[in-house]
Ligand code: AMP
Ligand code: MG
């Protein structure tokens, strides 16, 4: 298997023990058989969406796993081109045509994502607003390297805030799109990974009947089924540490969970001793203040991705209101004063590696 270095892991089924002697004996025999029948899992790593994506499948044979990995890799590369914010593809064509007056036919690959983003933007009171591509570009985040960026001119920022591009400026009829606002520029950096993970899981379960799978894109993940005899855990990075491997907390991953984190350490540059990060508050046109990181759990990966971005913008004062509007039950927000805000539901699932200085629990 040249393209997919697979490793196998074994786990053993556990028998039920019952008091009756005969059942005990049966249980013993079963456990011996189970020890011999190893359920295998296979792993691979794929580089896509600017990050290493780790995939693990269990309960299928090696040949099928190989096919599954090949499909996932092809799908990821295709989706990355469709939805890339600045490289030539279906989205950049849509953006170009949005800037001109009139109606045009959009590529079928972008329409469902636009529609989903419209719903999520509305639910978040437009704090998640992927129509602000011009602002994201002005701050210099529509490029791979931004260490040498400088802070843009305030007048330019204010002009783009005043232009007020919104997802509701886009009207879709079949494959025809009309943009009411010429300043709409779509940047799906805050949602595309979630949308891709959701699509991949549903495609692989339907096409190959896979029931146990986890796909982890640099700490943002979706899982279904079981992955071994021990539950999966995901580490939540300490946003105050420069070491990306220092964990602040860990969360057990259940079947059907999508867990997404937005953090100000992901993409940033320094200017005047300040961290200029990539999550922009559409109301001010500046990088969102107060939050360091937000982690969200939701069954739908697209919603989890958009919500983590929206709640980061909402910050400590508004996150409860926006989480409720978006229907998000599990939230963990760390602010720049080291306060930790959680919903009770999240607190029940999280294990702190570093005890929070000040823990504020929201009980609905
Ligand atoms: P995430 O890491 O999922 O929070 O996504 C951050 C990315 O989303 C940025 O790099 C931008 O491409 C884009 N983005 C920045 N600010 C916003 C916003 N307020 N709403 C939607 N997308 C945004
Ligand atoms: Mg996001």
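Considering only 64, 333, 160, the Gaussian network model of the chain with Cα springs below 10 Å gives its largest mean-square fluctuation to 64. For region 227-262 and region 291-336, write down the distance between their C-alpha centroids in whole Å. Distance between centres, Cα-based: 16 Å. For the chain, the longest principal axis of the C-alpha atoms and the axis of helix 192-208 are separated by about 40°. Helix 301-326 axis versus longest C-alpha principal axis of the chain: approximately 60°, rounded to the nearest ten. Fewest-first ordering of 213, 167 by other beta carbons within 10 Å of each residue's beta carbon gives 167, 213. Computed over the Cα atoms of the chain, the ratio of the radius of gyration to the Kirkwood radius (Rg/Rh) comes to 1.02. Under a Gaussian network description of the chain, with springs only between Cα atoms under 10 Å, the residue in 351, 122, 337 that fluctuates furthest is 337. Would you mind checking the tilt of helix 62-83 against the longest principal axis of the Cα atoms of the chain, expressed as 0 to 90 degrees and rounded to 10? That helix lies at roughly 10 degrees to the long axis.
Note on the chain: GNM, Cα springs under 10 Å; of 182, 165, 231, the largest mean-square fluctuation is that of 231. Remark: 258, 250 ranked as 250, 258, counting other beta-carbon atoms within 10 Å and listing the fewest first.
Throughout, read-outs are computed from the coordinates displayed, never taken from laboratory work. Just so it is clear, the structure is predicted and the values come from calculations on it, not from any experiment. Glycine also receives a Cβ, built like all others from the backbone with ideal geometry; neighbour counts cover every protein chain displayed.
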